[in-house]
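S.K.: Pasting a structure below so you can have a look.
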Amino acid sequence: MAVPYLQVDNLTKSFGDLVLFENISFGIAEGQRVGLIAKNGSGKTTLLNIIAGKEGYDSGNIVFRRDLRVDYLEQDPQYPEELTVLEACFHHGNSTVELIKEYERCMETEGHPGLEDLLARMDQEKAWEYEQKAKQILSQLKIRNFDQRVKQLSGGQLKRVALANALITEPDLLILDEPTNHLDLDMTEWLEDYLRRTNLSLLMVTHDRYFLDRVCSEIIEIDNQQIYQYKGNYSYYLEKRQERIEAKSVEIERANNLYRTELDWMRRMPQARGHKARYREDAFYELEKVAKQRFNNDNVKLEVKASYIGSKIFEADHLFKSYGDLKILDDFSYIFARYEKMGIVGNNGTGKSTFIKILMGQVKPDSGTVDVGETVRFGYYSQDGLQFDEQMKVIDVVQDIAEVIELGNGKRLTASQFLQHFLFTPETQHSYVYKLSGGERRRLYLCTVLMRNPNFLVLDEPTNDLDIITLNVLEEYLQNFKGCVIVVSHDRYFMDKVVDHLMVFNGQGDIRDFPGNYSDYRDWKEAKAQKEKEAEHGSVEHIENTQSIQESTKPKHKISWSRKLKWLNTMLWGGSALLCVEHIWHGEVVPWPPFLTAMQTPSEIVPMLKEIALYGTTMAVVITGVWFGMTLIAERLAGKLDTEERAEQEV
């Protein structure tokens, strides 16, 4: 049985009259990876903040296992501006960082008190590897200047530093609020693989549905102030959620039918009722609660019609743009077609947003022209968002743009009616902008873009901070949109459903058009990488086979100079031995001729053989004929060996 890490019981949180959730209970055990899903403004981030101890709550209990290590990646992390990137990774207190600081204090103290215990703890927590591990994770997240000050970082870079900080210590329970925001596709897939390989328990909020599907093993949904748990990934959640909605709808319909009957009975019965009647009356009020439920399955209904768009959209002709050595566009030309839906992908810093700003006229190219058609009406949803007046009411933001919104085909909506289509209730419409959640602000911004009836939508990271329900409907709207669309997004699921083709920014002005959605592109990249790997493997095999063939065609017993010399020495020693035998046979003293010393060079061979001949007697006469032949062979070998020796010396 899995070890329980966290238990939440009967938790309630409200802001004034707004109740986010009421009496919710759930638990997280060792190894569980839980994704939290809810509409914007339903309290996802608030719940994470409460669990992390950063916000209070009205009632309930939150219990952690003793000594549980917890880390929390906030949606908008904050660090002191003067810290460096590496110092920021050590800033937020955790047990490993505190242990390192304690060790450093010990080393600075005379006598090093408690050093032995500290060394054992440093080994146990693997604190020696902490800095190196921090640098490795930062590099994977494309933060490579470790000495850069926090104040010089963009919001996206700061979020990546905070993500690295959360991953480094490998806590028992990791809480993540939108971890894929500001990550490019490569970083998102790296994080996906990293979390799947580790044994971390997770509680996360993310709009990335592929990420949810591949990382999480359980989904918790906040809906109508209650929570619903699904023991499976995102695909399983979609299936079971639909079953729950259908079952709930049937329950409410049955309750309504019975409610009408009981309501008629209540009206006909006298005021004075017996015990049985009072029991039925109590049951009636319980039934009324069910019957009057309004199952909140509302969606953002985007029914805005695009205005007419002509055949000429825009033409980019030989565009160049660079910042110093960084090339953004290098002789880029493109003619946009009517009703085209283009996705733009690429790593951070390759110029995607700059390209969009050139198209919108906010940034000028170094050279080249952009010719936009007369009927084109842009709707630009920027990554930076719209800066609202915090003290304005939501309804005033929309009314400042238009009191009445034309939907096309003679249909019109007031500003209030239009906001209701975006799930802004009358109460929310008359509340101030500063009270809105991050996702609600993004939804309001989207509302202000679409209400102008654009026919060319340019969306730069539209999925950031939008809830999944809003994303689903936005995708459906864009699929049916009678106009042109350019989308810059790291949301792979969103790109798959919306775009017809991709413009891939590889960096340094290298831009390629790919005919397909993101999944098609990823499959193509994997197939290409596999093909290159096989080709490289085949190349290595070819080299090895060639070397093997060359080895097999070489002389198998090539005699080295030293081996030849040893053979000749053996022959000379053998000849000397025969001469000794001959002397002994005749009763003579055996001489010890100087040629019996080891030869040093081939040039000594001939004199030695001639010297052997001089010592012969009767038997030597016979042997001389044999050795005469050996002398001739030795002379020829000596010349060849001298040639080989000189060649070796030259080499």
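The values are calculated or read from the model by the stated rules, or taken from the named source; none is laboratory data. Quick caveat: nothing in here was measured; it's all calculated off a predicted structure. Reconstructed Cβ throughout: ideal geometry from the backbone, glycine too, with neighbour counts over all protein chains shown. The accessibility values were calculated without ligands, DNA or RNA, using every heavy atom of the protein model including side chains. Shrake-Rupley method; radii C 1.70, N 1.55, O 1.52, S 1.80 Å.
S.K.: Of the residues 27, 60, only one is farther than 30 Å from residue 155 by Cα and more than 29 Å from the chain's Cα centre (by Cα); which?
M.R.: Sole residue among the options that is farther than 30 Å from residue 155 by Cα and more than 29 Å from the chain's Cα centre (by Cα): 60.
S.K.: Looking at 416, 437, 431, 353, which one is in contact with a Ser or Thr (Cβ under 8 Å, 6 or more places away or on another chain) and either among the charged types (D, E, K, R) or open to solvent by 20 Å² or more (accessible area, probe 1.4 Å) (or both)?
M.R.: That would be 437, the only listed residue that is in contact with a Ser or Thr (Cβ under 8 Å, 6 or more places away or on another chain) and either among the charged types (D, E, K, R) or open to solvent by 20 Å² or more (accessible area, probe 1.4 Å) (or both).
S.K.: Restricting attention to the range 477-495, which residues are closer than 19 Å to residue 38 by Cα and either outside any loop (DSSP other than H, G, I, E, B) or of a type in the set (A, V, I, L, M) (or both)?
M.R.: Within the range 477-495, 493, 494 meet the criteria.
S.K.: Let me ask another. If you go through the range 49-70 one residue at a time, do you hit one that is outside any helix (DSSP H, G or I), basic (Lys, Arg) and closer than 25 Å to residue 465 by Cα?
M.R.: yes
S.K.: Quick check: anything in the range 220-227 among the hydrophobic types (A, V, I, L, M, F, W, C), surrounded by fewer than 16 Cβ atoms within 10 Å (Cβ to Cβ) and within 21 Å of residue 21 (Cα to Cα)?
M.R.: Taking every residue of the range 220-227 in turn, none turns out to be among the hydrophobic types (A, V, I, L, M, F, W, C), surrounded by fewer than 16 Cβ atoms within 10 Å (Cβ to Cβ) and within 21 Å of residue 21 (Cα to Cα).
S.K.: Another one. Quick one: would you say residue 97 is aliphatic (A, V, I, L, M), at pLDDT 95 or above and either farther than 26 Å from residue 425 by Cβ or out of contact with any Lys or Arg (no Cβ under 7 Å at 6 or more places or on another chain) (or both)?
M.R.: No, not satisfied.
S.K.: Which is basic (Lys, Arg), in contact with a strand residue (DSSP E or B) (Cβ under 9 Å, 6 or more places away or on another chain) and open to solvent by 70 Å² or more (accessible area, probe 1.4 Å), of 44, 54, 39?
M.R.: 54
S.K.: List, please: which pairs have Cβ atoms under 8 Å, are six or more places apart or on different chains, and start with a residue in the range 138-158 that is on the phi < 0 side of the Ramachandran plot and open to solvent by 60 Å² or more (accessible area, probe 1.4 Å) and end with one that is of a type in the set (Asp, Glu) and not in a helix (DSSP H, G or I)?
M.R.: Here the result reads 149/81; 149/82; 151/81; 151/82, each pair linking the range 138-158 to a residue that is of a type in the set (Asp, Glu) and not in a helix (DSSP H, G or I).
S.K.: Picking from 3, 34, which residue would you name as being of a type in the set (Val, Ile, Thr) and open to solvent by 30 Å² or more (accessible area, probe 1.4 Å)?
M.R.: 3
S.K.: Between 322, 333, which is polar (S, T, N, Q), open to solvent by 30 Å² or more (accessible area, probe 1.4 Å), without any contact (Cβ under 8 Å) to a residue 60 or more places away in the chain and over 26 Å from residue 470 (Cα atoms)?
M.R.: 333
S.K.: Any idea how many residues of the range 192-208 are touching a residue at least 40 places away in the same chain (Cβ under 8 Å) and within 23 Å of residue 467 (Cβ to Cβ)?
M.R.: 8
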